[in-house]
Amino acid sequence: MLWHIMKREIYDHFTSLRFAFTIGLITLLMVLNALIFVGSDYEQRLSEYSQNQAWVADQVRASCEHLNELATRGPVGFYKRPSALAFCANDQEDELPMRIRAQGGRGTYSWGGKMSYLFKTLWTLNYVRDVYQRNSMIRTFTALDWSFIIGVVMSFVAILFTFDAISGERERGTLRLTLSNPVPRGALMLGKFLGSFITIAVPLVMGMLLNLLIVNVSGVVSLGSGEWARIGLMAAVSFIYVSLFIGLGLVVSGRMARSSTSLLVLLLIWVVLVVLVPNTLGSVVSTLRRVPSQREFEEQREAATREVHDSMKDRFKYGSPTQPDPDVKAIKLWADFVTKLFDTGSRLDDEHLDSQFAQVQLARRILRSASPTTIYNYTMESLADTGFERHRQFVKAARRHRERFIDFIKATDRSDSKSFHIYYLKEGLSDKPVSSDNVPRFAEATGVSAAIRNTFTHIGVLVVLSVLLLLISYVSFLRCDVR
């Protein structure tokens, strides 16, 4: 019985104009997506990333001639690897910083015009605001990626295929005729769901395969096993998301007497969930958690710096660490000053960035509870290794590396009996060379298992919503009048 219902639904859909329209539209969009990615500057970005990584390694290797030089100069910087799956979910990846500086500078302090101290400043994480360069005269629109094609277009297509699934048959009188036979309502509803799902899955699968074929044949990107696993997960999540809107269409169609009314209600719901909430609510929600402006932050930083200077006015009490045979007390005093000064700046930088992250996370939490489309978009960006969550994890990895690097310097310095073991001043640390192979390497946690952990809850919510809507459509159909 179920098979016959499915066959009838699939046949009706396949012979309809909306199916031909869907085939053409999805194919066109997926081909355009692939061509845009192939013609993008991904190869250039990947080449720049490799060059930057090699430059950082050379700089660190040069600093390893002296441990105190490595300690004060730092790991130089961290660079974010361009995602090979940006064509699946770009999520404004171009608008996010691509690097974090981790390099010290130079500073000079003088006292009474008689004594001065030229020192290398303590390295800190500098959260650079620069992004990938583009022609600023070209207006940027919504990225044509899988997340948009499926999240917006396919959800609309699901509504087109289900708005008259029940109400249309009720208008034509075929629903009453069908149920006059020994056809269980549950089987009829499940058959309509599966028929619509299979019909929509056909153009979606065709579009995905064609898209991947163009990307893979172009040679622009080499997709490994990890990328293919992520693509498989994204495809599965996409089907779950589309089934959610199929269930929604069946719920509304089963409650409305006329298909025109059903279409109007579904369009209203679609506009709210897919267009209005994801694009406007975030801006409104962001006002609930205020972040200090850049000017306010700079003023706060300057005030904290002055406070450190004022609290240690006697730093020349025992002379300068650079004078011949410096007093160890001078080294300790200056080490306390420099460490306190740059720890304060580093703490304020971290707190300011964390406040920005907290604002975005608050908006994302509220958006997730208001629209399944935002849940789907966040899931796709996590699986594609792009977007805000990727950047936040990149910053967390840099901070973890900061702690590992400092621990390495301290541990290596303790092995030199001639060192003063005064951290963090060049004159207070060992001058011996260190092997570059022993220096901690920066690495991001970007594996498939990490992506699954980050998206497990989101995928679970989409599955629950999809099943719940299907159950509601069934219960609603049991109670509806077929006349």
The lone condition residue 465 fails out of (1) under 25 Å from residue 244 (Cα atoms); (2) out of contact with any Leu (no Cβ under 9 Å at 6 or more places or on another chain) is (2)
Pick from 212, 204: which is in contact with a Leu (Cβ under 9 Å, 6 or more places away or on another chain) and within 28 Å of residue 462 (Cα to Cα)?
212
Filtering helices (runs of 4 or more DSSP H) wholly in segment 287-389 for at least 1 residues that are of a type in the set (Val, Ile, Thr) and surrounded by fewer than 16 Cβ atoms within 10 Å (Cβ to Cβ) gives 294-311, 328-370
So which residues in segment 297-328 are touching a Gly at 6+ places or on another chain (Cβ under 9 Å) and either modelled with pLDDT under 80 or of a type in the set (D, E, K, R) (or both), if there are any at all?
301, 316, 321, 326, 327
Report whether or not residue 21 is within 34 Å of the chain's Cα centre (by Cα) and either assigned to a helix (DSSP H, G or I) or farther than 30 Å from residue 145 by Cβ (or both).
yes
Name the residues in segment 47-69 that are acidic (Asp, Glu) and modelled with pLDDT of 90 or more, would you?
48, 58, 65
Residue 275 being part of a loop (DSSP other than H, G, I, E, B), in contact (Cβ under 8 Å) with a residue 24 or more places away in the chain, surrounded by fewer than 18 Cβ atoms within 10 Å (Cβ to Cβ) and within 30 Å of the chain's Cα centre (by Cα):
no
Within segment 44-59, restricting to residues that are under 25 Å from the mean Cα position of the chain (by Cα) and exposed (fewer than 14 other Cβ atoms within 10 Å of the Cβ), the one that is nearest to residue 80 (Cα to Cα) is 50
With buried (at least 19 other Cβ atoms within 10 Å of the Cβ), within 30 Å of residue 179 (Cα to Cα) and more than 26 Å from the chain's Cα centre (by Cα) as the only criterion, which of 470, 429 stands out?
470
Regarding residue 214, is this residue touching a residue at least 24 places away in the same chain (Cβ under 8 Å) and either closer than 23 Å to residue 33 by Cβ or not in a helix (DSSP H, G or I) (or both)?
yes
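The values are calculated or read from the model by the stated rules, or taken from the named source; none is laboratory data. Worth saying up front: this structure is predicted, and the values here are computed from it rather than measured. Neighbour counts are summed over all protein chains in view; Cβ atoms, including those assigned to glycine, are modelled from backbone coordinates with ideal geometry.
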